[in-house]
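Visitor: Below: one structure in structure tokens.
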Amino acid sequence: MAAVDEPLYPIAVLIDELKNEDIQLRLNSIRKLSTIARALGEERTRKELIPFLSENNDDDDEVLLVMAEELGVFVPYVGGVEHANVLLAPLETLCTVEETCVRDKAVESLCRIGAQMREQDVVEHFIPLVKRLAAGEWFTARVSSCGLFHIAYPSASEVLKTELRTIYGQLCQDDMPMVRRSAATNLGKFAATVEAAHLKTDIMSIFEDLTQDDQDSVRLLAVEGCAALGKLLEPQDCVAHILPVVVNFSQDKSWRVRYMVANQLYELCEAVGPEPTRSDLVPAYVRLLRDNEAEVRIAAAGKVTKFSHILTTDLAIQHILPCVKELSTDSSQHVRSALASVIMGMAPVLGKDATIEQLLPIFLSLLKDEFPDVRLNIISKLDQVNQVIGIDLLSQSLLPAIVELAEDRHWRVRLAIIEYIPLLASQLGVGFFDDKLGALCMQWLKDKVYSIRDAAANNVKRLAEEFGPDWAMQHIVPQVLELINDPHYLYRMTILHAISLIAPVLGSEITCSKLLPLVVNASKDRVPNIKFNVAKVLQSLIPIVDQPVVEKTIRPCLAELSEDPDVDVRFFASQALQSIDQVMMSS
């Protein structure tokens, strides 16, 4: 008897748990739907489980969201594609709930199932579902229907296709702005499935209605549609239908719409082609760069380089550069920051002369900006300018500004400069570097902020790698020898850290002759933090120096530290001694 009842057990548990007051139990049971469906078998899943889920829709949004997601992958559990239509009923119900994320997930699952369904099933079951939702009394159903047309349309007969296009047109003129928004969002997907002949007539008239909507939230979604439709139309149609819309939108009374145009403009340029861009879109872009809303200027400023690449050098100098000059002194720091992050990319477009004459002064003014992010964005992209104007000019004009930033009161700015130094060093060459920047690198080792000192120690190591051990021996080691005796223990600790980093670069000989005596000497320091850092450094030197040196110099020093009164010093010293023993055993 028990064996006969067993298949009933999973559905019974599910029903019990789905009616439980504890949301966690309800969620767990919904997440196990696929397991339960496998236990029930395909036929019982179709006849019992799916009808039960269709009825059980009055529940917590979290449970409904999981249910909408689970049903999207349920086709194999109901017997494959030929029975996929049974899943439409519960998902149709979920398409009408108030919670947006549940509806979105239900639409996504319906699209996934619809894409797998056989053509006749789409005509018999899926298209009627779309029509029911589109005619729904409550706006939620109509909102959901807009996302399903692109799945339904390709399988429909000519008569049905005409009907679907008409229905979509009606949705675009719905009384509820939410429905029109959904129609505007999904227009690109629907248009991609519509035949070219109807695209120019029906879809373009729908699109024109949306672009003249009185709600700015609908119009700004139509802006996204411009780029999507532009890719589907022939270039000449694109110029005739899309271009005037974009130009109008760039002067829209709502700043949100203008912001969307500024964000999408590059994609729109690609759709209409280079000639119309130069004649019609350049004035529109200039208007956006000079917009009275900072958000619009930020979006437009961020596209300066991409837009300039489409133009000829003359057009960029004539139209875009004057705006760039204005933006570099914009009242909003965020506009200047957006400009600083991309302006370097204009150098290759403008060429050497125009960069030197026009862009360099702008770089310099942005490098001296009072807002740290603006300065950071310029520093991090200097290499793009270097490729165009050469290192001599770059160093003459920008180096004084870099030296000034190296002493900036904001530590993050100093940090960005440090991280940029190795790249500068490789570009400037050793001679130039020693003259101008060498002293700075040592100065950072004594900075008040730990992050700067830490970055400076890493910087010293990267410079040693760049210029070689001989250079490091001449320029770094003597300075390190001096700083190890600094009265402030934190600076002495930084030097120990720097030694552990540069030792592998300098090699065994210099480490043994110059650096090791310094470290051993520091083990006599009166500050425990220094002593346990000595133990750490000695541990890092073990693989670098020869075995006799380890036994003769490092081991006795560690043995002494392992008997120190301070517990941390003893701990790190004994750790280092253990690693000596391990090296001995392995060799």
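The values are calculated or read from the model by the stated rules, or taken from the named source; none is laboratory data. From a predicted model like this one, the values you see are computed outputs, not experimental measurements. Because the Cβ atoms are built from the backbone with ideal geometry, glycine has one as well, and the counts that use them run over all protein chains shown. Calculation scope for accessible area: heavy atoms of the full protein, side chains included, ligands and nucleic acids excluded. Shrake-Rupley method; radii C 1.70, N 1.55, O 1.52, S 1.80 Å.
Visitor: Based on DSSP H runs of at least 4 residues, each adding -39500 (n - 2.57), what is the mean residue ellipticity at 222 nm of the chain after dividing by all its residues, to the nearest 500 deg cm²/dmol?
Guide: Working: 38 runs with 392 residues, N = 587.
Taken over the chain, the calculation gives -20000 deg cm²/dmol.
Visitor: Going through the stretch 226-312, which GluC sites (Glu not before Pro) have at most 16 other Cβ atoms within 10 Å and a DSSP loop state? Write out the running numbers ahead of the final one.
Guide: Working: sites: GLU267, GLU270, GLU293, GLU295; in loops: GLU293.
Within the stretch 226-312, the qualifying GluC sites (Glu not before Pro) (loop, at most 16 other Cβ atoms within 10 Å) are GLU293.
Visitor: Return the sequence-ordered ³J(HN,Hα) values of the stretch 492-504 in whole Hz as given by the Karplus equation 6.51 cos²θ - 1.76 cosθ + 1.60 applied to θ = phi - 60°, using x for Gly and Pro.
Guide: These are the phi-based 3J(HN,Hα) values: 5, 5, 4, 5, 4, 4, 4, 4, 5, 7, 8, 4, x Hz.
Visitor: Apply the Karplus curve 6.51 cos²θ - 1.76 cosθ + 1.60, θ = phi - 60°, to the phi angles in the stretch 280-295 and return the couplings in whole Hz, x for Gly and Pro.
Guide: Once θ is set to phi - 60°, the couplings for the stretch 280-295 become 10, 7, 4, x, 5, 5, 4, 4, 5, 5, 10, 4, 7, 9, 4, 4 Hz.
Visitor: Below 12 angstrom from the Cβ of SER451, what's the summed charge of the other residues (Lys, Arg +1; Asp, Glu -1)? Each step should come with its number before you reach the end.
Guide: On the way: positive: ARG412, ARG414, LYS448, ARG453; negative: GLU419, ASP447, ASP454.
Local charge sum for SER451: +1.
Visitor: Rank LEU210, LEU171, ILE544 by how far each Cα sits towards the positive end of the charge dipole of the chain (+1 on Lys, Arg Cβ; -1 on Asp, Glu Cβ) and give me just the farthest.
Guide: ILE544
Visitor: Ignoring ligands, DNA and RNA, please state the percent of accessible area on the stretch 509-555 from carbon and sulfur, probe 1.4 Å. Present the calculation step by step, with values, prior to reporting the outcome.
Guide: Working: 1150 of 2220 Å².
It is 52 percent, rounded to a whole number.
Visitor: Now, a different point. Using a Debye calculation, one point per C-alpha and no hydration shell, please list log10 I(q)/I(0) for the stretch 56-215 at q = 0.10, 0.13 Å⁻¹ in order.
Guide: Debye curve over Cα of the stretch 56-215, log10 I(q)/I(0) at q = 0.10, 0.13 Å⁻¹: -0.34, -0.58.
Visitor: Taking only Cα atoms of the chain, what ratio of Rg to Rh do you get with Rh as the Kirkwood inverse-distance radius? Numbers along the way, then the final one.
Guide: On the way: Rg = 34.7 Å, Rh = 30.3 Å.
Radius of gyration relative to Kirkwood radius: 1.15.
Visitor: Moving on to the next point. Does the stretch 134-213 classify as rounded, prolate or oblate by the C-alpha gyration tensor (a ≥ b ≥ c root eigenvalues; a/c under 1.5 gives rounded; else a/b over b/c gives prolate, otherwise oblate)? List each step's numbers first, then the result.
Guide: Values: a/c = 1.88, a/b = 1.27, b/c = 1.48.
Oblate is the answer for the stretch 134-213, as a/c is 1.5 or above yet b/c matches or exceeds a/b.
Visitor: Keeping every protein chain present and rolling a 1.4 Å probe, give me the accessible area per residue for the chain in Å².
Guide: Values: 26290 Å² over 587 residues.
That works out to 45 Å² per residue.
Visitor: Counting only protein heavy atoms and using a 1.4 Å probe, what share of the accessible area of the stretch 202-282 belongs to carbon plus sulfur, as a whole percent?
Guide: Details: 1510 of 3320 Å².
The value for the stretch 202-282 is 45 percent carbon and sulfur by accessible area.
Visitor: For the stretch 411-563, what does the alpha-carbon gyration tensor say about shape, rounded, prolate or oblate, given a ≥ b ≥ c as the root eigenvalues, a/c under 1.5 as rounded, and a/b over b/c as prolate? Walk me through the intermediate numbers first.
Guide: Values: a/c = 2.43, a/b = 1.51, b/c = 1.61.
Here the stretch 411-563 falls in the oblate category.
Visitor: Hey, how many Å between the Cα centroid of the stretch 493-559 and the Cα centroid of the stretch 221-294?
Guide: 64 Å
Visitor: Please sort 87-98, 33-44 by packing, taking for each peptide the average over its residues of neighbouring beta carbons within 10 angstrom, highest first.
Guide: On the way: 87-98: 21.3, 33-44: 16.2.
Highest to lowest by the protection proxy: 87-98, 33-44.
Visitor: For the stretch 246-317, state which trypsin sites (Lys or Arg not before Pro) are in a DSSP loop and have at most 12 other beta carbons lying within 10 Å of their beta carbon.
Guide: Numbers: sites: LYS253, ARG256, ARG258, ARG278, ARG287, ARG290, ARG297, LYS303, LYS306; in loops: LYS253, ARG290, LYS303.
Answer by residue number: LYS253.
Visitor: Please name whichever of ILE298, SER331, SER508 sits farthest to the positive end of the charge dipole of the chain, dipole taken about the Cα centre and charges placed at Cβ: Lys and Arg +1, Asp and Glu -1.
Guide: Checked the options; the winner is SER508.
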